[in-house]
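Presented below is the structure to which this report refers.
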Amino acid sequence: MKFEKEIRNEILKDSYTKEDLIKEKYLVSKEGEIEIYYAPFDYINLDASIIIVGITPGWSQMEKSFKTIIKELTKNNNFSLGLKKVKSECSFAGSMRNNLIKMLDDLEVDRKLNICLLYTSDAADE
């Protein structure tokens with residue numbers, strides 16, 4: 001993975017600031033005043049029944065994703081497992097996840113596709 005070495009060198013903290021993570025080493029692209037930084041959302045579940053695409057994680061998701069993967073690396077030292085944990089816990093995190101769950105429920109996606117949607121609300125984390 002492109003940023004694995006850099007992430008492995010990060011120190012585990014309770015929280016991160018933009019100064020901690022919005023760094024040149026994570027800069028993916030820049031055009032004029034627009035800058036795009038890496039966040040560890042690389043894991044792809046090949047067995048997924050439904051795919052929900054987000055344009056880009058915001059600061060909340062970025063900070064939570066780095067915290068999650070760095071914590072996972074201190075526990076099991078497996079970058080791939082860390083990415084999987086990030087995807088399950090940080091994708092559409094915060095109020096965005098709660099709004100997405102409500103939308104999926106309102107659309108009855110599970111019934112229409114005859115699938116079981118497994119999701120959790122993380123409103124308590126906010």
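Only the coordinates and a few stated rules stand behind these numbers; no lab work does. Computed from a prediction, not measured in an experiment: that's the story for all the values here. Ideal geometry is used to build each Cβ from the backbone, glycine not excepted, and the neighbour counts take in all protein chains shown.
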Candidates N114, N45, N78, ranked by Gaussian network fluctuation over the chain, Cα under 10 Å, top entry: N114
Per-selection Rg to Rh, segment 19-78 - Cα, Kirkwood hydrodynamic radius: 1.02
Dipole of the chain, positive direction: furthest Cα of C90, Y26, F3, with charges on the beta-carbon: F3
Cleavage-rule hits (trypsin sites (Lys or Arg not before Pro)) in segment 1-93: DSSP loop, at most 13 neighbouring Cβ within 10 angstrom: K2, K13, K23
Under the Debye formula (equal points on every Cα, no solvent term), log10 I(q)/I(0) of the chain at q = 0.17, 0.18 Å⁻¹: -0.95, -1.04
Amide hydrogen neighbours beyond the local backbone of Y37, cut-off 5 Å, H modeled: V28
Highest-MSF residue in the chain out of E24, E33, E72 [GNM, Cα springs under 10 Å]: E33
3J(HN,Hα) from dihedral phi, segment 33-38, Karplus parametrisation 6.51/-1.76/1.60, rounded to Hz, x for glycine, proline: 8, 8, 10, 10, 10, 6
Too-long pairs where the Cα-Cα distance tops 29 Å, listed order kept, from K30/K102; K23/K75; K5/K87; K25/K64; K71/K112: K30/K102; K71/K112
Residue of I101, I51, I34 that the Gaussian network model of the chain assigns the largest fluctuation, springs spanning Cα pairs under 10 Å: I34
Backbone N under 20 Å from the N78 label point (7 Å along Cα→Cβ), restricted to segment 1-19: 1-5, 7-9
